[in-house]
Amino acid sequence: MHDGRGSDAHMAGAPERRPSAAEVLAHLQAAALEVIAALRAVLDLAEDAVRDPAALAARARRARDRAHHDEKEGGGGVQRIPVS
C-alpha cells in the first residue's frame, strides 16, 4: 500500500532518488511564478470591478441567467451519484 511518503518506484524496491537543491529551487520558482500570475488575474478582475461595477454586475446576471436556463433544460446543475 502506498502511504504518500515515497515514490512508487521506491516502494517496489528501487533506490530512492532525492531531487537536488537546484531541482527543488526550480520547482519552487515555477510555482511562485504561477501564483503571481494567478494573483495578477485576480487583481485585474478586482480593478475591473472597481472601475466599472455595473459591467461586472451585468456579467454576473448573465452568468446566473445562463445557469438557471441550463438547469431548466436539464443540461446543468450537479449530478448526484450514490456511493455505497
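General observations
- Test: residue 37 is of a type outside the set (D, E, K, R) and either at pLDDT 90 or above or on the phi > 0 side of the Ramachandran plot (or both): yes
- For the residues 30, 14, the requirement of being open to solvent by less than 80 Å² (accessible area, probe 1.4 Å) and modelled with pLDDT of 95 or more singles out 30.
The values are calculated or read from the model by the stated rules, or taken from the named source; none is laboratory data. Being a predicted model, the structure only gives us computed values, none of them experimental. Ligands, DNA and RNA are stripped out before the accessible areas are found, and what is left, the full protein with its side chains, is counted by its heavy atoms. Shrake-Rupley method; radii C 1.70, N 1.55, O 1.52, S 1.80 Å.
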